[in-house]
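The values are calculated or read from the model by the stated rules, or taken from the named source; none is laboratory data. In this text the structure is predicted, and so the values were computed from the model without any measurement. Glycine also receives a Cβ, built like all others from the backbone with ideal geometry; neighbour counts cover every protein chain displayed. All accessible areas refer to the heavy atoms of the entire protein, side chains included, with ligands and DNA or RNA removed. Shrake-Rupley method; radii C 1.70, N 1.55, O 1.52, S 1.80 Å.
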Amino acid sequence: MHLNPYGADAVLLAVNLVTHPASTPAELAARCVESGIDESHVRDGQVTDDDVATVRIVLDEWLAVVDASDEQKRVDLVNEMLAKYTEHPRLTNHAGDGWHMHYRPFRVPVWRLVATLISTGTALHLAGRGISRLGRCAMDGCDQVYADLSRGGKQRYCSPACSNRDAVRRHRARTA
């Protein structure tokens, strides 16, 4: 069975790259491979400085989706990314390991691969889990992003550490 690289893993890659930006081609390639992108041109050292710079631009567009002021604005921004970075879906068995969907041509620069994965993954994440399932941490002083993968859709913090710190802060405020 072929796993869907356009799902949660793509959104978590966006969170990862926004939280800890890749600064070199090797670092971007490693992060892509760690997130499950199994493309030969990512593994074979074909990631360039231009890929790193362009992925940062794509991530700025993605942050606009995260920070959208309302549902319609978020949808409009995701649709703009989809129009810009994806193509009609197609079945492919390019690696000989089973048929699966692609939303791009087979050979594209790494930045375009990442842009396609993030835009499609974000659209599927929001449509499947809920349009509000991206956000910024609710902890005062922390503005890290999160993708809400929780069952109940109530995530408000980027990490358990921020959640715990905020709980302690609220407890101390109540008991002071």
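Taking the stated definitions as given, is residue 9 open to solvent by 20 Å² or more (accessible area, probe 1.4 Å), closer than 20 Å to residue 130 by Cβ and among the acidic types (Asp, Glu)?
The answer is yes for residue 9.
For segment 8-51, name all the residues that are in a helix (DSSP H, G or I), among the hydrophobic types (A, V, I, L, M, F, W, C) and free of Cβ contacts under 8 Å to residues at least 40 places away in the same chain.
26, 30, 33
Would you say residue 112 is over 18 Å from residue 15 (Cβ atoms) and part of a helix (DSSP H, G or I)?
It is true that residue 112 is over 18 Å from residue 15 (Cβ atoms) and part of a helix (DSSP H, G or I).
Would you please list the contacts, defined by Cβ atoms under 7 Å and residues six or more apart or on different chains, that run from a residue in segment 127-138 that is farther than 13 Å from residue 11 by Cα to a residue that is open to solvent by less than 20 Å² (accessible area, probe 1.4 Å) and assigned to a strand (DSSP E or B)?
Every condition considered, the pairs that remain are 136/145.
Can you name the residue in segment 123-155 that is exposed (fewer than 15 other Cβ atoms within 10 Å of the Cβ) and among the charged types (D, E, K, R) and, of all such residues, is nearest to residue 16 (Cα to Cα)?
Here the residue is 143.
Under the condition of being assigned to a loop (DSSP other than H, G, I, E, B) and surrounded by fewer than 19 Cβ atoms within 10 Å (Cβ to Cβ), which residue from segment 156-176 is modelled with the lowest pLDDT?
Out of the qualifying residues, it is 176.
Might you check whether a residue that is assigned to a helix (DSSP H, G or I) and among the β-branched types (Val, Ile, Thr) occurs anywhere in segment 91-106?
Taking every residue of segment 91-106 in turn, none turns out to be assigned to a helix (DSSP H, G or I) and among the β-branched types (Val, Ile, Thr).
Of everything in segment 49-94, what is of a type in the set (Val, Ile, Thr) and open to solvent by 60 Å² or more (accessible area, probe 1.4 Å)? Give them in sequence order.
57 - this is the single residue of segment 49-94 that is of a type in the set (Val, Ile, Thr) and open to solvent by 60 Å² or more (accessible area, probe 1.4 Å).
Need the failing condition index for residue 107 against (1) open to solvent by less than 10 Å² (accessible area, probe 1.4 Å); (2) closer than 18 Å to residue 33 by Cβ, just the number.
Of the numbered conditions (1) open to solvent by less than 10 Å² (accessible area, probe 1.4 Å); (2) closer than 18 Å to residue 33 by Cβ, the odd one out for residue 107 is (1).
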